[in-house]
Structures are given as C-alpha cells and as structure tokens.
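Student: Encoded as structure tokens, here's the structure I'll be asking about.
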Amino acid sequence: MTAEDTGPRFVIIGAGMAGLMCSVKLLEAGLSNFIVYEKADRLGGTWRENTYPGIACDVPSHLYSYSFAPNPEWSHVFSAGDEICAYLESVANRYGVDKYVVYGAEVSRLEFDHGRWRIELADGRRDEADFVIAATGVLHHPNYPAFEGLDDFAGAVFHSARWDHTVPIAGQRVGVIGTGSSAVQIVSAVASTVGDLRLFQRTAQWIMSVPNPPIDEETRQTYRSDPSVMNKVREGLSSRFEELSNAVVDADSPRMQLIEELCRANLEENVADPDLREKLRPDYRAACKRLVMSPTFYQAIQHPNSTVVTEAIMRIEPAGVRTEDGQLHELDVLVLATGFRVDRFLRPIEVTGRGGVRLDDVWSERPSAYLSVSIPEFPNLFLLNGPNGPVGNFSLIDVAELEFGYVMQLVDLVRSGVCREVCAFREATDRFEADRIEAAQRTIWATGCRSWYLDDRGVPAAWPWGFDRFRRAMSRPTLADFQLVT
Ligand code: N01
C-alpha cells in the first residue's frame, strides 16, 4: 500500500478505452486507491469484443488515440481493430495500470449506503468505494433480432460482435443481416473469399467513400523522431471532425449538403447496374443514420459472389433464410450484424442510490443524465460516455477524456471538504434534457429515418450541439446545478 492508498477509494467499472484512461489519469493525479472491475478476461472493451473480418475504426487512428499517448506506429489512417486493442494493451502496460484491473469480475450491484458505495460482484465478492466511475461503454449489448426459427438454423449463427472464428467462411454460403457499419465492413472483407454472400438489407445506407491508405515507414519515422509533427496531424484531424460535428447537428448547413452530395456521387459513380443502384439508394438523407464510411463496400457488393436481398425476412429455417417472396436463401453461416441495445449503459447492474432510489425505476422510460455524466440521487457516481452524449462522429476517446476532467473537478469538491456527496439536481437535469430535446430536432438525425440514435420517442439520444459546446460544458462544472451535501 502506498501513502496515497489511504486516499479516497475509486471503483471503475470496465477496462475498455474509457476505464483505462481513468486509471492512467488517477495514477497521474497521485490517486492509486482504485480498482478496475472487468467482467471479461482481457482489456479492450469494444475492440476486444468486435473481432469480425474487416473491423477498423472510422475515426482516424491519430485522433482515436489518447491525448497523453500518441502513437507513431499506426499502420493505417483508419487502423484495424486488433491494432487498436494492442495499442490499448500497450498503454495499460506502459502506465502500469494493468495491475489495477481485476478480470472475470462482473459487477452486479451498486448501493449507496451511509455515504459510500457498496459493490457486489456476480460471484458474491464485495467491495466499497467513495466514488464509482462507470466506463461500461455504449455499443456493448448485442441486439438479437427475434426471427421465427432462428434457433432452428442448422448452420452457424452468431452476432457480429461475437464472431465465431472456429467457423470457416472461405467458400461457404454466408448470409449477413443488417447494413450498418459492422455489416459494411464484414461484406467488404469477405465478399471475395466466401462462396456466396447474401446481404439482407432492411434499409439501404448512404456510404461515404473515405480512402484508408497505409502510413509508410518514412512518415512513421518522422512521427517517432518529432512527435510535434504527429500532434499537428492530430490537431488537423480534430478540427476536421469538429466541422463534421457542426454539420450533422444542423441539418440545413451547407457542409451537410456537401456530405450528402459526396454520398450520392459515390453511389452514382461506383455502382454500375441501375437496378442494383436503386436497391442501394436510401430514401432518407445522408448521415440521418450514423454515416457509414467505406471505400470498398460498393466494389464488394458488386462482386459476382454477392447478392443484395431487399425482400423482408419471413423466418429462419434449418437450411437458411426464407424471405417474404417465398424464396429460401440456403446458407451455411448466418451473421447477425443487427447492432446493439444502446439504452442499457451500466445496466443490468442493479444500482440503488440515495434513499433507496433504483436506477431501473429512474430510467424506466429511457436513460438520462445531466450532461451525460451525473444522475440525480446517485451521488459520487459518474458515467463516462453515458446517455445522450456526443456519440455522433466524434472520437469517443476525446469525449471520455473531457468527461473525466469534469468528473475530477466534482471529485475534488469532496476531496477538499466542500461537500461529502455530489450529484446533479433533478431540475438541472430536466432543464438540460428539455434544451437537448429541442436542439435535437434541428439535427440531421431527426430528418426521418430509423437509427440507433433515436430513443423510444424518436428523439435523437445524442449531444445535439457542436463539439466546441461540449468542450466548453466540460471545462468547468456549473456548481449551481449540483446538489452538494455537506
Ligand atoms: O449496427 P447498426 P452496427 N431485421 O445499428 C439491421 C459503431 N461502429 O453494429 O437500418 C432486419 O448501425 C438494421 O436495419 P435498419 C458505429 O457507431 C463503428 O452496424 O434498422 N434488419 C441495420 O441495418 C455504428 O453506427 C464501426 O432497417 C435488422 C443493422 O441491422 C454502430 O457501431 C464499425 C433487424 C444494424 O445496424 C453500430 O453499428 C462498426 C431485423 N430484425 C460499428 N434488426 C467503425 O468504426 C436490426 N437490423 C467503422
């Protein structure tokens, strides 16, 4: 135990990108009395779980890196998932946070009791903490579609985030359900190696063609020897993403129109067969759904092995997928690239706040949190990448770092004796929600499509303003919005 171990105790839930960042920053602040509970047996979060062929991040790697750990070794502009996972592991090693992570430790209950959080793990282990930071991810709980007969399928069936690498796909008849970013990357990666590919498309997607060139050795050497060059690259990427963020929150902006034109031109110029082009043409505005970026999808879907199936799925049979037109699409492997349940956040953990308030009750309609970070009546509990935050076309690493800086200012109120408990007031949270919902109507996400951004009322569950506003909001808490219990 070090001297600091007598300081406030933190429990961090999740050893993904955000949980690791918290650990590094707590150590940096001299706060080593913390533990990270990770239910899996490896760190990496989303990059550990998603291992499907073709996986890469659609935020450029030099932006999708911690600000404190730039990486001159990125191999591509958009590097692959295993490279990102290896990067997270190397950061964990370099900063010595690995030893703070307990693997195979699933948190099942959190209860606020007499000013402290009591933590229970699924295997019965118990712990206590002054602060809990939930770094449990957004796209974490797979959405399994409820097709009749799914369990009867005779071949292999798995979700894109649970890829079964023991199942061979080369030369096989493979079906992919869904047309989101995951499906597009899978199709692009496997079209030429499978025997037959059926893409079951419920809704067509706009695709922006963004090239993904390798970063050559000479450039990497420059980054190694002069990190300021790499930092300039990051700054340039960051300002381009801010422009994108400002475009998508204003459906009428000229930049949004430019994005739409680029997507339209990609379709017109790169899909040769007019029938296929019409099948692939969405009937809603580009970026209404999360914009899919791929330089290779149209090429892959025009491969002789590939077929786009637009007839609705009637049921799954042992031999394959039966569509409404009566056709049976015979398959050996069925991939459910059907997205995630995005309203879960730290649930199914049972969380009980002050006075026995249950998070399940507070969030019975839908999840909400003040500035996506703090929940009324749940003091000293903070969320990273929580509900209604900036999930749309930003680097979630940047988001988590900014949120952490904000959270630490709240933690410091307790550490310095200003208060013992801190959480947002209900009325501040309601006011934030009202403003957010009003602004959300002007975003591109509210222009008429079905997407995972929309909550059960059809309101985009995302930060509806530009990134500059988020950065400002995170720079300093408005203390009047917080209930400080002394
Ligand atoms: O999931 P999605 P995803 N019957 O929710 C379809 C990030 N990400 O895993 O459009 C038939 O986007 C559904 O159809 P529809 C990124 O933020 C990033 O692909 O609702 N179809 C849709 O086509 C992304 O946005 C990267 O009509 C059904 C698809 O399944 C987010 O993760 C890579 C169905 C789900 O698409 C999620 O992407 C991967 C049903 N019953 C993911 N149910 C990169 O960085 C669902 N669908 C590149």
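Student: Provide a single number: the residues in segment 215-234 that are outside any helix (DSSP H, G or I) and among the acidic types (D, E). First the steps, then the outcome.
Tutor: Going residue by residue through segment 215-234, those that are outside any helix (DSSP H, G or I) are 215-216, 226.
Narrowing further to those that are among the acidic types (D, E): 216, 226.
Residues flagged as outside any helix (DSSP H, G or I) and among the acidic types (D, E) within segment 215-234 amount to 2.
One line per residue, one yes/no per condition, for (1) within 16 Å of the ligand (Cβ to nearest atom); (2) farther than 30 Å from D283 by Cβ:
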{"site": "D398", "(1), (2)": "yes, yes"}
{"site": "G417", "(1), (2)": "no, yes"}
{"site": "R436", "(1), (2)": "no, no"}
{"site": "P464", "(1), (2)": "no, no"}
{"site": "S475", "(1), (2)": "no, yes"}
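Student: Continuing with this model, one more query. Restricting to segment 445-454, name every residue that is away from the ligand (no atom under 14 Å from the Cβ) and in contact with a Pro (Cβ under 9 Å, 6 or more places away or on another chain). Talk me through it step by step, then tell me what you get.
Tutor: Here is the first cut: in segment 445-454, the ones away from the ligand (no atom under 14 Å from the Cβ) are 446-447.
Within segment 445-454, just A446 meets the criteria.
Student: Still on this model: If I go through segment 171-184 residue by residue, how many of them are within 13 Å of the ligand (Cβ to nearest atom) and either surrounded by fewer than 17 Cβ atoms within 10 Å (Cβ to Cβ) or part of a helix (DSSP H, G or I) (or both)?
Tutor: Qualifying residue count, segment 171-184: 4.
Student: Further question on the same structure: Can you tell me which residue is farthest from the chain's Cα centre (by Cα) among those in segment 68-91 that are part of a loop (DSSP other than H, G, I, E, B), within 14 Å of the ligand (Cβ to nearest atom) and in contact (Cβ under 8 Å) with a residue 40 or more places away in the chain?
Tutor: Among those that are part of a loop (DSSP other than H, G, I, E, B), within 14 Å of the ligand (Cβ to nearest atom) and in contact (Cβ under 8 Å) with a residue 40 or more places away in the chain, it is V77.
Student: From the list R234, R220, exactly one residue is open to solvent by 30 Å² or more (accessible area, probe 1.4 Å), in contact (Cβ under 8 Å) with a residue 60 or more places away in the chain and over 25 Å from S181 (Cβ atoms). Which is it?
Tutor: R220
Student: Of these, R354, R358, R347, which one is assigned by TED's automatic domain parsing to the domain that holds D130, open to solvent by 10 Å² or more (accessible area, probe 1.4 Å) and under 20 Å from the mean Cα position of the chain (by Cα)?
Tutor: Details: R354 fails: under 20 Å from the mean Cα position of the chain (by Cα); R358 fails: under 20 Å from the mean Cα position of the chain (by Cα).
Among R354, R358, R347, only R347 is assigned by TED's automatic domain parsing to the domain that holds D130, open to solvent by 10 Å² or more (accessible area, probe 1.4 Å) and under 20 Å from the mean Cα position of the chain (by Cα).
Student: What is the number of the single condition among (1) part of a loop (DSSP other than H, G, I, E, B); (2) of a type outside the set (A, V, I, L, M); (3) in contact (Cβ under 8 Å) with a residue 24 or more places away in the chain that P168 does not meet?
Tutor: Exception for P168: condition (3).
Student: Restricting the search to segment 137-160, which residues are within 7 Å of the ligand (Cβ to nearest atom) and not in a loop (DSSP other than H, G, I, E, B)?
Tutor: S160
Student: Test R290 against the stated conditions and say whether it is open to solvent by 30 Å² or more (accessible area, probe 1.4 Å), farther than 21 Å from V174 by Cβ and touching a Ser or Thr at 6+ places or on another chain (Cβ under 9 Å).
Tutor: When the stated conditions are applied, R290 passes them.
Student: Quick one: Y100 ticks every box in (1) touching a residue at least 60 places away in the same chain (Cβ under 8 Å); (2) open to solvent by less than 30 Å² (accessible area, probe 1.4 Å); (3) closer than 21 Å to G45 by Cα; (4) not basic (K, R) except a single one, so which number is it?
Tutor: Condition (2) is where Y100 drops out.
Student: If the requirement is being among the small types (G, A, S), surrounded by fewer than 18 Cβ atoms within 10 Å (Cβ to Cβ) and either outside the structural domain of A154 (by TED's automatic domain parsing) or in a helix (DSSP H, G or I) (or both), which of these qualifies: A400, A439?
Tutor: Exactly one residue qualifies, and that residue is A439.
Student: Continuing with the same structure: What residue, among those in segment 103-136 that are open to solvent by less than 30 Å² (accessible area, probe 1.4 Å) and not in a strand (DSSP E or B), is nearest to the ligand (Cβ to nearest atom)?
Tutor: Here the answer is A135.
Student: Just checking, does segment 422-440 include any residue being in contact with a helix residue (DSSP H, G or I) (Cβ under 8 Å, 6 or more places away or on another chain) and within 16 Å of A135 (Cα to Cα)?
Tutor: No; the residues of segment 422-440 include none that is in contact with a helix residue (DSSP H, G or I) (Cβ under 8 Å, 6 or more places away or on another chain) and within 16 Å of A135 (Cα to Cα).
Student: Would you check which residues across segment 299-338 are more than 13 Å from I186 (Cβ to Cβ) and either crowded, with 22+ Cβ neighbours inside 10 Å or touching a Gly at 6+ places or on another chain (Cβ under 6 Å) (or both) and list them?
Tutor: Matches in segment 299-338: R315, I316, E317, V321, L328, H329, E330, L331, D332.
Student: Here's another thing I want to ask about it. Is it the case that S65 is surrounded by 22 or more Cβ atoms within 10 Å (Cβ to Cβ), in contact (Cβ under 8 Å) with a residue 40 or more places away in the chain and outside any strand (DSSP E or B)?
Tutor: On the way: surrounded by 22 or more Cβ atoms within 10 Å (Cβ to Cβ): yes; in contact (Cβ under 8 Å) with a residue 40 or more places away in the chain: yes; outside any strand (DSSP E or B): yes.
For S65, the condition - surrounded by 22 or more Cβ atoms within 10 Å (Cβ to Cβ), in contact (Cβ under 8 Å) with a residue 40 or more places away in the chain and outside any strand (DSSP E or B) - is met.
Student: For segment 410-428, which positions are in contact (Cβ under 8 Å) with a residue 60 or more places away in the chain and either touching a Lys or Arg at 6+ places or on another chain (Cβ under 7 Å) or open to solvent by less than 10 Å² (accessible area, probe 1.4 Å) (or both)?
Tutor: L410, V411, V414, C419, V422, C423
Student: Taking into account only those residues within segment 185-199 that are open to solvent by 10 Å² or more (accessible area, probe 1.4 Å) and not in a helix (DSSP H, G or I), which is nearest to the ligand (Cβ to nearest atom)?
Tutor: Here the residue is R198.
Student: Follow-up. Under 7 Å between Cβ atoms, at least 6 apart or on separate chains: pull out the pairs that start in segment 338-359 with a residue that is within 16 Å of the ligand (Cβ to nearest atom) and end on any residue that is of a type in the set (S, T, N, Q).
Tutor: Final answer for the pair search is T338/N143; G339/N143; F340/N143; R341/N143; F345/T136.
Student: What's the total number of residues in segment 200-217 that are within 12 Å of the ligand (Cβ to nearest atom) and either surrounded by 15 or more Cβ atoms within 10 Å (Cβ to Cβ) or more than 26 Å from V321 (Cα to Cα) (or both)?
Tutor: 10
The values are calculated or read from the model by the stated rules, or taken from the named source; none is laboratory data. A quick note: this is a predicted structure, and the numbers were derived from the prediction, not measured. No Cβ is skipped: glycine too gets one built from the backbone with ideal geometry, and neighbour counts run over all protein chains shown. We work out accessible area using only protein heavy atoms, side chains counted, and drop any ligands, DNA or RNA first. Shrake-Rupley method; radii C 1.70, N 1.55, O 1.52, S 1.80 Å.
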